[in-house]
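Engineer: Let me give you the structure first, and then I'll get to my questions.
Derivation of every value follows stated rules applied to the coordinates shown; laboratory data play no part. Remember, it's a predicted structure, so these values are computed and weren't measured experimentally. Backbone-built Cβ (ideal geometry, glycine too); neighbour counts: all protein chains shown.
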Amino acid sequence: MNRDKIMTLAKKSLRFLPDKSYIKLYYRLRVGRKLDTDNPTTLNEKLQWMKFNYRFPLQSIVSDKLLVRDYVKEKIGEEYLIPLLGSWEKYDDIDFSSLPKQFVLKCNHDSGGLVVCTDKDKLNHSEARGKIEKSLKSNFFYIGREYQYRNIKPMILCEEFISDNGKVPMDYKIYCFNGLPDVILVCRDRFSKNTHRASYLFFDQDWKFQPLDKGDENLEDTDIPKPENLGKMIEIAKELSKDFLFARIDLYNIRGKIYFGEITLSPNSGFDPDIKYETDLMFGQKLKIPYWNSINRNI
């Protein structure tokens, strides 16, 4: 049985544990280390600490893929949003005849309910329906006990399919610590069957490859062209992250045209097993949280 299947079974069997007990046990299983919440030092540990000590309503707004659009519009302008084609409560409510040949269906409350359609005439509706309806029935909160997802009303939204010469564009995920953009995780070939680690690479702001994940030293293909308007992307990340202690700002850049992807407050829900321990510790040192010990933002 592979690791993903083991973790899926673990999540189901641990679901009814209290939040803190669940997180400590799942952290041990996923990350392979004991969780220290009294004196968190790594990024993974600090993200767990923040789940219980750093809560406010805006987190749920920016984690909702529909509501975040208004936040982005106010902060940086509507021109960075991927055009919205519609939103619905049920799959049966979607009028596919009104949609273009290419589009993307996704759920607003999780990270798995996604259907990329590059040809409407070839869309497998049975598979699409199954994926979307399964997502609608799930509460993403229970996977990582992230407060911001707990009360999001599940919805389906449809966006235009933005392509890079017919392909799914690369995703630029900018890590921001205390409102300051730092490294950039580039995801390429996200929906291909290639699951090689070279699909996920870290770069610094001078566009030098950073071997921050386990096994990166052994990679041969780390050459990804520097995106146009990288400086502008970093400016956008700074503006969108300044309301949060930590945020990962996901953007697309297609021939110089920048689009907003999403705001992620807890990458891998703070259970990231792929980054090196040294990276985890370095990221943790960048994220300053002591100030928040004396401020009550819990609700």
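Engineer: For the chain, what is the calculated [θ] at 222 nm in deg cm²/dmol (nearest 500), taking -39500 (n - 2.57) for each run of four or more DSSP H residues and dividing by its residue count?
Structural biologist: The helix-only estimate for the chain comes to -8500 deg cm²/dmol at 222 nm.
Engineer: Looking at region 58-140, which GluC sites (Glu not before Pro) are in a loop (DSSP not H, G, I, E or B) and have at most 13 other Cβ atoms within 10 Å?
Structural biologist: When the GluC sites (Glu not before Pro) of region 58-140 are filtered for loop state and at most 13 Cβ neighbours within 10 Å, Glu89 remain.
Engineer: Tell me which of Tyr71, Val104, Tyr142 sits at the most positive position along the dipole axis of region 1-156, charges placed on C-beta atoms (Lys, Arg +1; Asp, Glu -1).
Structural biologist: Looking along the dipole axis, the top candidate is Tyr142.
Engineer: When the C-alpha atoms of region 198-280 are aligned to their principal axes, what extent does each axis show, in angstrom, from largest down?
Structural biologist: 33, 29, 18
Engineer: Quick one: which of Lys167/Lys242; Lys120/Lys257; Lys75/Lys137; Lys120/Lys238; Lys137/Lys167 span more than 28 angstrom between C-alpha atoms?
Structural biologist: From Lys167/Lys242; Lys120/Lys257; Lys75/Lys137; Lys120/Lys238; Lys137/Lys167, over 28 Å: Lys167/Lys242; Lys75/Lys137; Lys120/Lys238; Lys137/Lys167.
Engineer: Taking the Kirkwood radius as the inverse of the mean 1/r across Cα pairs, report the Rg/Rh of the chain.
Structural biologist: Over the Cα atoms of the chain, Rg/Rh equals 0.94.
Engineer: Please report, in whole Å, how far the alpha carbons of region 91-159 spread along each principal axis, starting with the longest.
Structural biologist: Largest to smallest, the principal-axis extents are 39, 19, 18 Å.
Engineer: Continuing with the same structure: Using Cα pairs closer than 8 Å and at least 6 residues apart in sequence, work out the relative contact order for the chain, in percent.
Structural biologist: Here the relative contact order equals 23 percent.
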